[in-house]
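For reference, the structure discussed in these notes is given below.
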Amino acid sequence: MAELFLPTLHTFAMNNPFTGSSGLFRFRAVPNVVMATPKEVDFAASSIHAEYWHGLYCYEKSKMEGEKTFPMSDEGRQEMLDWLTSKI
């Protein structure tokens, strides 16, 4: 089975979306960042929303086959990676 790459939590905490693929499997992960202070992320209140699809086309031109929201934590990141890997 192909191994997917997900960036570190820091990437998501900086409010950066991420897209990846393996063959025809495509996915997109978008953070929902809640700030505890103007410079500090409230990880407990933040989340990452993941969607996936199969095909040749980009996110905007494709129909999503599944979606799920995960906590913004090391455990949530691993859960998202496992979930996405199971959909390849």
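Quick check on segment 44-83: of everything there that is under 11 Å from Phe25 (Cβ atoms) and in contact with a Ser or Thr (Cβ under 9 Å, 6 or more places away or on another chain), which residue is surrounded by the most Cβ atoms within 10 Å (Cβ to Cβ)?
Here the residue is Trp53.
Under 13 Å from the mean Cα position of the chain (by Cα) and without any contact (Cβ under 8 Å) to a residue 12 or more places away in the chain: does that describe Glu40?
When the stated conditions are applied, Glu40 does not pass them.
Look at segment 1-43 and say how many of its residues are surrounded by fewer than 12 Cβ atoms within 10 Å (Cβ to Cβ) and of a type in the set (D, E, K, R).
Counting residues in segment 1-43 that are surrounded by fewer than 12 Cβ atoms within 10 Å (Cβ to Cβ) and of a type in the set (D, E, K, R) gives 3.
Consider Ser22 against the criteria (1) at positive phi; (2) in contact with a Leu (Cβ under 8 Å, 6 or more places away or on another chain); (3) not basic (Lys, Arg): it satisfies all of them except one. Which criterion is unmet?
Exception for Ser22: condition (1).
Suppose we keep only residues that are in contact (Cβ under 8 Å) with a residue 40 or more places away in the chain and more than 15 Å from Asp82 (Cα to Cα) within segment 12-28. Which one would you say is farthest from the chain's Cα centre (by Cα)?
So, considering only residues that are in contact (Cβ under 8 Å) with a residue 40 or more places away in the chain and more than 15 Å from Asp82 (Cα to Cα), the one farthest from the chain's Cα centre (by Cα) is Gly23.
Coordinate-derived values only; no laboratory data. Treat the numbers as computed from the prediction; the structure is a model and nothing was measured. When we count neighbours, we look across all protein chains shown, and the Cβ atoms used for this are built from the backbone with ideal geometry, even at glycine.
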